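The next block holds one structure in the form of structure tokens; read it before the comments.
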Amino acid sequence: MITNDNVFAGNQGNGFINISNHGAFVASCHLGYKSNGQSYFQSANYLPVLQSKLFTLPKDATGIVLQVDCWIDFSVSTTMCIEHFNSVVQKCFYLWGTVAYNGCSEIPCSGNGGNGGNPTPPTPTPPCCCCCCKC
């Protein structure tokens, strides 16, 4: 049986950053890092309300930069937060507020599941499949 504990045990040392949007806005998230001497970039250009994005990081990731933006309309965005990490991390962030007043807060990752205090990687929320978005 596959459980969060099994997933975590098989990925000891790997990292993740999970972003959950609980604000009344659409967000975008961008993650950059270096691994094995090469630069990598991951992005979630469309993170609607009540959706999450899970970014995974290799064990040797360094120079990690996370940027989260709030979209005011289809062409204008503002930066909500920029976070820098020197080495691999296991972090969760909670987006809150409205277009006019918003924030990005680090929160404990849920589901420690007996891992001695180490967070279990969160389960990503699947994208919506309805008439209002492209799947």
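Rule-based calculations on the coordinates, nothing more; no lab input. In this text the structure is predicted, and so the values were computed from the model without any measurement. When we count neighbours, we look across all protein chains shown, and the Cβ atoms used for this are built from the backbone with ideal geometry, even at glycine.
Determine the dipole magnitude for the range 4-107: charges of +1 sit on the beta-carbon of Lys and Arg, -1 on that of Asp and Glu, nothing else is charged, the reference point is the Cα centre, and the result goes in debye to the nearest 20. Numbers along the way, then the final one.
On the way: 4 positive and 6 negative charges, 32 e Å.
So the magnitude is around 160 debye.
In whole Hz, what ³J(HN,Hα) sequence does the range 59-68 give by Karplus (6.51, -1.76, 1.60; θ = phi - 60°), x for Gly and Pro?
For the range 59-68, the Karplus curve yields 4, 9, 5, 9, x, 7, 10, 10, 10, 10 Hz.
Can you tell me how much longer the chain between His22 and Asn86 gets when fully stretched, taken as 0.36 nm per residue apart minus their C-alpha distance, in nm with one decimal? Please report the intermediate quantities before stating the final value.
On the way: separation 64, 0.36 × 64 = 23.04 nm, distance 2.74 nm.
The span from His22 to Asn86 would gain 20.3 nm if fully extended.
For the range 31-84, just say rounded, prolate or oblate: build the C-alpha gyration tensor, square-root its eigenvalues into a ≥ b ≥ c, call rounded for a/c under 1.5, and beyond that prolate if a/b exceeds b/c, oblate if not. Kindly include the intermediate steps, with their values, before the conclusion.
Working: a/c = 2.69, a/b = 2.02, b/c = 1.33.
Cα axes put the range 31-84 in the prolate bin.
Amide H to amide H, which residues 5 or more places from Cys81 or on other chains are under 5 Å from it, using H placed in the peptide plane?
Val68
With both partners inside the range 4-107, how many of the DSSP beta bridges are antiparallel, as a percent to the nearest 5?
Working: 37 of 44 bridges.
If we restrict to bridges inside the range 4-107, about 85 percent are antiparallel.
Could you order the peptides 59-70, 84-95, 31-42 from most to least packed, using the average number of other C-beta atoms within 10 Å per residue?
Numbers: 59-70: 18.3, 84-95: 16.7, 31-42: 13.2.
Top to bottom by mean Cβ count within 10 Å: 59-70, 84-95, 31-42.
Given H placed 1.01 Å from N in the peptide plane, which residues other than close sequence neighbours of Cys109 have an amide H under 5 Å from its amide H?
When sequence neighbours closer than 5 places are left aside, the close amide H contacts are Cys92.
Assuming a ≥ b ≥ c are the square roots of the Cα gyration tensor eigenvalues, decide whether the range 4-107 counts as rounded (a/c under 1.5), prolate (otherwise, with a/b larger than b/c) or oblate.
prolate
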